[in-house]
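Following: one structure in structure tokens, then a few remarks.
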Amino acid sequence: MSVLVGDRVLDGPHGDLRVRLYEPAADAERVAGLVWAHGGAFMHGDLDMPEADWVARSLAAAGVVVVSVEYRLAPELDYRDPAVAQAPGGARFPVASEEVTFAYRWARDAGLGVGPGRWSLGGASAGGNLAAGASLRLRDAGGAQPRSVVLAYPVAHYELPAPSPELAAKIAALPPERDFPPEAMRAMGANYLGRSDLPISPYAHPGGQDLRGLPPTFVVTSDHDALRSSGEAYCAELAAAGVDVLLVREDSTYHGHLNEPDTAGAARSIMRIAAWLTTDGLVGTPHEAPHHRSSTPPPAELAGTWVSTSSTSEEDPTETEAAAR
């Protein structure tokens with residue numbers, strides 16, 4: 001399917017805000033909408049990187065209208081140097097968070113051929129953080145929430161949760177350029193926030209916050225990725241809060257695998273995200289925690305780790321993986 005692509009400049013909360021609109025061909029059905037934020041440690045990335053452009057084109061070819069957001073970036077620094085806490089200049093929190101929230105509201109109001117109840121919000125890595133934080137903002141504002149939230153290998157916590165023994169072994173085998181040690185994550189977070197002292201706004205790092213009433217959430221994590229502990233913990237927190245959650249760990253992938261469009265893992269993740277966004281009857285609505293365990297499995301194209309929201313206590317989401325396959 002051909003895809004129509006064009007840029008627009010919005011009158012955003014912090015000045016001009018560029019978004020790139022990806023639309024299915026004029027004669028194609030517009031099944032759903034997605035506002036998408038790329039990753040890049042809050043300080044890198046643009047609308048041309050595969051995690052933004054390839055993802056959006058692929059989803060638009062599946063009938064999804066995608067609004068890719070060029071949010072303002074934090075200043076660049078070598079966050080892998082533990083001696084560096086933050087760099088001068090750039091856009092600190094809450095700028096990018098507010099811009100992603102604004103872009104979602106704009107897209108939903110503009111419609112763009114998609115019904116208001118068919119718009120979702122998502123992002124990858126740092127963009128996943130921004131999308132998750134924006135969903136909290138939208139909930140607290142009391143307005144219309146997204147149909148769902150889609151997160152790819154998100155960083156939801158300021159301090160990464162401790163990895164499982166299985167993940168720790170995989171992290172230990174990573175080359176340095178693919179690892180995210182705790183001191184690097186703290187430096188990245190402090191650079192984004194412009195501070196390293198606590199408390200942190202719940203909109204900056206949604207992990208560990210009050211997540212009740214959030215939309216159904218689909219999370220894809222990378223198998224060999226230190227940030228997987230954050231994505232998995234966030235799913236467990238959502239489930240404990242009564243939020244419908246689907247978690248898929250993409251086998252044989254590294255952090256940022258959507259930036260490698262020629263790999264099998266990236267292709268599988270796009271297929272799963274497209275199915276989540278376009279399959280009627282799959283996505284539910286925000287609700288309070290149920291009192292029984294659902295036995296309904298996900299569709300075959302989404303099969304991965306299924307996290308039921310029926311329990312009000314935190315579980316290790318990987319423990320339910322066998323039942324989902």
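The values are calculated or read from the model by the stated rules, or taken from the named source; none is laboratory data. All values reported here derive from a predicted model rather than from experimental measurement. In this analysis, Cβ positions are derived from the backbone assuming ideal geometry, glycine residues included, and neighbour counts consider all displayed protein chains.
The table below gives the values:
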item	result
Looking only at the range 88-119, and only at residues there that are among the aliphatic types (A, V, I, L, M) and part of a helix (DSSP H, G or I), the one that is surrounded by the fewest Cβ atoms within 10 Å (Cβ to Cβ)	A110
Checking A144 against (1) farther than 19 Å from H257 by Cα; (2) among the aliphatic types (A, V, I, L, M); (3) in a helix (DSSP H, G or I), the condition it does not meet	(3)
Residue tally, condition under 13 Å from G33 (Cβ atoms) and either modelled with pLDDT under 90 or not hydrophobic (A, V, I, L, M, F, W, C) (or both), over the range 66-80	1
Condition met for A275 (among the small types (G, A, S), on the phi < 0 side of the Ramachandran plot and surrounded by fewer than 20 Cβ atoms within 10 Å (Cβ to Cβ))	yes
Count - residues of the range 136-173 that are more than 15 Å from G231 (Cβ to Cβ) and either in contact with a helix residue (DSSP H, G or I) (Cβ under 6 Å, 6 or more places away or on another chain) or touching a residue at least 60 places away in the same chain (Cβ under 8 Å) (or both)	7
Top-ranked residue in the range 13-60 [being in contact with a Phe, Trp or Tyr (Cβ under 9 Å, 6 or more places away or on another chain) and of a type in the set (V, I, T); ranked as farthest from V149 (Cα to Cα)]	V19
Residue among S135, S196 that is assigned to a helix (DSSP H, G or I), of a type outside the set (D, E, K, R) and either at pLDDT 95 or above or in contact with a Lys or Arg (Cβ under 9 Å, 6 or more places away or on another chain) (or both)	S135
For A173: the one exception among (1) more than 18 Å from the chain's Cα centre (by Cα); (2) surrounded by 14 or more Cβ atoms within 10 Å (Cβ to Cβ)	(2)
Residue satisfying condition, being touching a Lys or Arg at 6+ places or on another chain (Cβ under 7 Å) and touching a residue at least 12 places away in the same chain (Cβ under 8 Å), within set G33, G40, G6	G33
Checking D48 against (1) under 21 Å from S269 (Cα atoms); (2) among the charged types (D, E, K, R); (3) in contact (Cβ under 8 Å) with a residue 12 or more places away in the chain, the condition it does not meet	(3)
Any hit, the range 249-258, residues being more than 21 Å from G117 (Cα to Cα), of a type outside the set (A, V, I, L, M, F, W, C) and part of a loop (DSSP other than H, G, I, E, B)	yes
Filtered residue count, the range 199-220, keeping only those that are hydroxyl-bearing (S, T, Y) and either surrounded by fewer than 20 Cβ atoms within 10 Å (Cβ to Cβ) or part of a loop (DSSP other than H, G, I, E, B) (or both)	2
All positions within the range 221-270 that are charged (D, E, K, R), in contact with a helix residue (DSSP H, G or I) (Cβ under 6 Å, 6 or more places away or on another chain) and surrounded by fewer than 21 Cβ atoms within 10 Å (Cβ to Cβ)	E260
Qualifying residue in the range 215-230 (condition: under 30 Å from V114 (Cβ atoms) and of a type in the set (K, R))	no
